[in-house]
Amino acid sequence: MKQIRRYSITLVVVAAILIEVIGAVQYFMARYGARNELLAKAQRDMAESQRVAVVKTEVETAINNAERTVHLALGSPETSYSIASQIIKVNPHIIGVGLAFVPNYYKGKGKSGLYLPYTYDDQPSIISKGKRTASTYMQTRVLNFDYTQRSWYQTAMQGQHKWTDAYVGEALNILMCTYSIPIKDGNGRIVGVLFADVTMEDATVMMSHMSSGIRKTGVIILLIQLFSMLLMGFIVWRAVVASRQFKERYVSPEKEQLVEKIEKMREVNNRLTKRNQELAQKVAELQHRVKLHAGLESDQHWFG
């Protein structure tokens, strides 16, 4: 039984050490992954700030330059499609261009007097490099929603050139932002809004990189946890097997009963031995007293 106890204690100690080691490895792995991700994010943020400045300048220049062309084409609204297509082809950051007119500007066009011809690339690249070619997939349609409630329309109708915050566009269902400017007629009255949709390319790529890094770190930690669970299961299994084998070989029920009887007999024998030693000591004391008493009597007889 003592051997089983020692074996069990050894296994518990080994398991505790392994748990501590595995916990330390998981901690350093998580810390290392977070540190690398923060460094990568800082580098991406620096590159993003530079790219945003370039993109904003290019898009603003393209739309502002097209303002005069759109103004001259107000008499034939269908030409807005060709103007928008040309803007998209020469600017890799713009995926859609539209012209939202004030309600009832063109009689009989649009739904409820709202007319918004929109041209877009229906297969925008997440990372667009260089200029688009004539083979770009251009699509045109009239968007049917109340654009007068949108921020890009309202700010432009107030005479402002402004960028919107990032949002998910209804037409293409991707993350984008919009730059819009007012369009005036010959009398200086604002009659529409020219706008360009720009994809949030770096934001999409950055989220992809971050999720990829997080997944890699998570997979590593998960594998470590699975290994630790398997190792603990193996240790417990070996302990149970060793205990059974020891009992089968050395600790049968008959032998176990015999060992208990022997242990009891040893306890009784020890008590009897101790009792005999106490009795022997008392006998020796009595013999010593008898001798002393006999000696005293012989001395009194001599003086008489």
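For the range 67-115, the tally of residues that are in a strand (DSSP E or B) and either free of Cβ contacts under 8 Å to residues at least 12 places away in the same chain or touching a Pro at 6+ places or on another chain (Cβ under 8 Å) (or both) stands at 5. Scanning the range 122-163 for residues that are at pLDDT below 55 and surrounded by fewer than 13 Cβ atoms within 10 Å (Cβ to Cβ) yields I126, I127, K129, G130, K131, T133, A134, S135. The residue of the range 159-179 that is nearest to the chain's Cα centre (by Cα), among those that are in contact (Cβ under 8 Å) with a residue 60 or more places away in the chain and in a strand (DSSP E or B), is M176.
For the range 74-96, name all the residues that are buried (at least 18 other Cβ atoms within 10 Å of the Cβ) and within 21 Å of R51 (Cα to Cα). The answer is I87, I88, N91, P92, H93, I94, I95, G96. Residues in the range 182-227 that are assigned to a helix (DSSP H, G or I) and at pLDDT 70 or above were compared, and the one that is most open to solvent (accessible area, probe 1.4 Å) is F227. Condition check: modelled with pLDDT under 90 and either closer than 25 Å to N187 by Cβ or more than 35 Å from the chain's Cα centre (by Cα) (or both). Does V90 satisfy that? Criteria met by V90.
The values are calculated or read from the model by the stated rules, or taken from the named source; none is laboratory data. Fair warning: this is a prediction, and the values are worked out from it, not measured in the lab. FYI the Cβ positions are ideal-geometry reconstructions off the backbone, even for glycines, and counts take in every protein chain you see. Note: areas computed on protein heavy atoms with side chains; ligands, DNA, RNA excluded. Shrake-Rupley method; radii C 1.70, N 1.55, O 1.52, S 1.80 Å.
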